[in-house]
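Presented below is the structure to which this report refers.
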Amino acid sequence: MTERTELVEHGRLFIGGEFTDPLSTEVIEVISPHTEQVIGRVPHASEADVDRAVAAARRAFDEGPWPRMTLDERIAVITRIKDAFAVRHEEFARLISAQNGTPYSASVMVQALAAMMVWDSAITVARTFPYEERRDGVLGPLLVRREPVGVVAAVVPWNVPQFTAAAKLAPALLAGCTAVLKVSPETPLDAYVLAEIAEEAGLPPGVLSILPADREVSEYLVGHPDVDKVSFTGSVAAGRRVMEVASRNLTRVTLELGGKSAAVILPDADLEAAVAGIVPFAWMINGQACVAQTRILAPRSRYEEIAEAFAAAAGALRVGDPLDPTTELGPLVARRQQQRSLEYIRLGQEEGAKVLTGGNVPASQERGWYVEPTLFGSVDNSMRIAREEIFGPVICLIPYGDEAEAVRIADDSPYGLSGSVWTADTERGIDIARRIRTGTYSVNTFSLDMLGPFGGYKNSGLGREFGPEGYGEFFEHKMIHLPAGYREA
């Protein structure tokens, strides 16, 4: 029997490190994508609430202890946050699965423990980061410092809400910044668990606020004159708007946007291993992942064999209640996402692609925003289903001739976020990885390592998250000229 999530209601907002009454009576209702019933209610933050949160963050950065603490003192607080994720990871997983449809079997790792790993990896990076260094300049010695950028607006999506929040908050807070986290109206409930953890961890007043709100309030936050840095994850269209609004104040931005990533299967690949490695990351989070391997490139010499194997694997995915531990593919987060996927399926057929499996609403589900795991064959890379990010369980199988054509097709995309190659020759795979213009690439696996830089080429974004490169996004650089001949005592 599947464990159900009872109605969760919160009446206050987490502003400046404490739970306080909102300045608006507007409420967000959280709808289960499985039952289509209300499972939660939280306040909808207003622009006035944003003003309060930013003001608290500004005071905490300009006057408070957080930026002036030692690194070890900040690490101690962040370690308590990280440890709390380990204790409450099942609670995070259940709440997120109930809100966005991620199968619980995957949610424990992808939604909860992966977020904990982000917090932990940021601590590792912070310990060895070069905050200050001496250089020999042309005119004399230099002191180069990296200083916290200031007040950070972190705007996160609904598909991996805690993972993306950690990707922004962990480095920002460790750097000594203060932050306002704006969470999606589709997934605000898990944010309250994070707020409780932050409060218990001992963050000083003003350092962190968490606001559930819609796009208009997000835009107000991004354009706030007292925000020094925006870190955003979302769609390309929204990213462009964030950049436009932030540019009015010359606010620094990091944008982690969409993808249409290609998994290249070379002729010598072990097909069984490729299917086992690609399928979970093609249909991950029910296809609602920016790094999903949504284009599978297959050599014409093995195309029919590969098509049959992937169609069988996709068709065998168990569709159902996301809180059932046996479910492998759940519902999409909202009706609009379901209708978007179904429209692309119709469009793909009109373009001449062939549905190899799926293509409909599953007959097994009487309600909920479900779409069958769908695989298109006979896809040309010029088709819209191959070029546009669908953000649903719709995957394209694209044939190619030789290796050069495979690389050309993989690169022929407005996106450049992720990708993989599958081959018996690892060195050959590494060569492919070097040739394709994408920010993250895997050889005979799929991985997103939090100690390396993550981000995209082209329309997939600006800047990087994770590793020292991502940590560095939350610093300003200062050059101090020293007198000729100066030597530190």
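The values are calculated or read from the model by the stated rules, or taken from the named source; none is laboratory data. Keep in mind the model is a prediction, meaning the values are calculated, not measured. A quick note on method: Cβ atoms are made from the backbone with ideal geometry, for glycine too, and the neighbour counts reach across all protein chains shown.
Within the range 44-63, is there a residue that is under 17 Å from the mean Cα position of the chain (by Cα), aliphatic (A, V, I, L, M), under 30 Å from Val149 (Cβ atoms) and at pLDDT 95 or above? Quick ask: steps written out before the conclusion?
Step one: of the range 44-63, the residues under 17 Å from the mean Cα position of the chain (by Cα) are none.
No, the range 44-63 has no match at all.
Does Arg146 count as at pLDDT 95 or above and part of a helix (DSSP H, G or I)?
On the way: at pLDDT 95 or above: yes; part of a helix (DSSP H, G or I): no.
So Arg146 fails the test.
Can you go through Ala312, Ala307, Ala298 and tell me which one is crowded, with 23+ Cβ neighbours inside 10 Å and in the same structural domain as Thr374 (by TED's automatic domain parsing)? Even if it seems obvious, please write down each step before you answer.
Details: Ala312 fails: crowded, with 23+ Cβ neighbours inside 10 Å; Ala307 fails: crowded, with 23+ Cβ neighbours inside 10 Å.
Just a single option satisfies the conditions, and that option is Ala298.
What tally of residues in the range 438-486 results from selecting those that are part of a loop (DSSP other than H, G, I, E, B) and closer than 23 Å to Val125 by Cα? Don't jump to the end; show me each part of the working.
Keep residues of the range 438-486 that are part of a loop (DSSP other than H, G, I, E, B), which gives 438-441, 444-453, 455-456, 459-460, 463-464, 466, 482-486.
Now narrow it down to the ones that are closer than 23 Å to Val125 by Cα: 439-441, 446-453, 455-456, 463-464, 466.
The qualifying residues number 16.
Quick check on my filter: what residues within the range 351-367 are closer than 19 Å to Ala314 by Cβ and either surrounded by 18 or more Cβ atoms within 10 Å (Cβ to Cβ) or small (Gly, Ala, Ser) (or both)?
Keep residues of the range 351-367 that are closer than 19 Å to Ala314 by Cβ, which gives 353-365.
The answer is Ala353, Val355, Leu356, Thr357, Gly358, Gly359, Ala363, Ser364.
Which condition number does Phe376 fail, the rest of (1) in a helix (DSSP H, G or I); (2) without any contact (Cβ under 8 Å) to a residue 40 or more places away in the chain; (3) crowded, with 23+ Cβ neighbours inside 10 Å being met?
The number of the failed condition is (1).
Please enumerate the residues belonging to the range 118-171 that are β-branched (Val, Ile, Thr) and within 26 Å of the chain's Cα centre (by Cα).
Of the range 118-171, the ones β-branched (Val, Ile, Thr) are 118, 123-125, 128, 138, 144, 149, 151-152, 155-156, 160, 164.
Within the range 118-171, Val118, Ile123, Thr124, Val125, Thr128, Val149, Val151, Val152, Val155, Val156, Val160, Thr164 meet the criteria.
On the basis of being crowded, with 19+ Cβ neighbours inside 10 Å, at pLDDT 95 or above and not assigned by TED's automatic domain parsing to the domain that holds Ala165, does Gly419 make the cut? Walk me through it before giving the result.
On the way: crowded, with 19+ Cβ neighbours inside 10 Å: yes; at pLDDT 95 or above: yes; not assigned by TED's automatic domain parsing to the domain that holds Ala165: yes.
Judged against the criteria, Gly419 is a match.
Arg240 fails exactly one of the following numbered conditions: (1) surrounded by fewer than 24 Cβ atoms within 10 Å (Cβ to Cβ); (2) charged (D, E, K, R); (3) not in a helix (DSSP H, G or I). What is the number of that condition?
Every condition holds for Arg240 apart from (3).
Being of a type in the set (Val, Ile, Thr) and without any contact (Cβ under 8 Å) to a residue 60 or more places away in the chain is the filter here; which residues of the range 442-489 pass it? Don't jump to the end; show me each part of the working.
Within the range 442-489, the subset of a type in the set (Val, Ile, Thr) is 443, 445, 480.
Scanning the range 442-489 gives a single hit, Val443.
Taking the range 46-91, which residues are in contact (Cβ under 8 Å) with a residue 12 or more places away in the chain and hydroxyl-bearing (Ser, Thr, Tyr)?
Scanning the range 46-91 gives Ser46, Thr79.
Restricting to the range 57-85, what's the tally of residues that are among the hydrophobic types (A, V, I, L, M, F, W, C) and in contact with a strand residue (DSSP E or B) (Cβ under 6 Å, 6 or more places away or on another chain)?
So the first thing to find is which residues in the range 57-85 are among the hydrophobic types (A, V, I, L, M, F, W, C), and the list is 57, 60-61, 66, 69, 71, 75-78, 81, 84-85.
Within this subset, residues satisfying the condition of being in contact with a strand residue (DSSP E or B) (Cβ under 6 Å, 6 or more places away or on another chain) are 57, 60-61.
Of the residues in that region, 3 qualify.
Return yes when Ala386 is assigned to a helix (DSSP H, G or I), over 17 Å from Ala274 (Cα atoms), touching a Lys or Arg at 6+ places or on another chain (Cβ under 7 Å) and of a type outside the set (Ser, Thr, Tyr) and no when it is not.
yes
Can you list the strands (runs of 3 or more DSSP E) lying wholly within the range 22-136 that have 1 or more residues being over 27 Å from Tyr220 (Cβ atoms)?
Details: elements: 27-31, 38-43, 132-136.
Once the strands (runs of 3 or more DSSP E) in the range 22-136 are filtered for at least 1 residues that are over 27 Å from Tyr220 (Cβ atoms), what remains is 38-43, 132-136.
Looking at Ala201, Ala167, can you tell me which residue is in contact with a strand residue (DSSP E or B) (Cβ under 9 Å, 6 or more places away or on another chain) and in the same structural domain as Arg94 (by TED's automatic domain parsing)? Let's see the steps before the verdict.
Details: Ala201 fails: in contact with a strand residue (DSSP E or B) (Cβ under 9 Å, 6 or more places away or on another chain).
None of the other options fit; the residue is Ala167.
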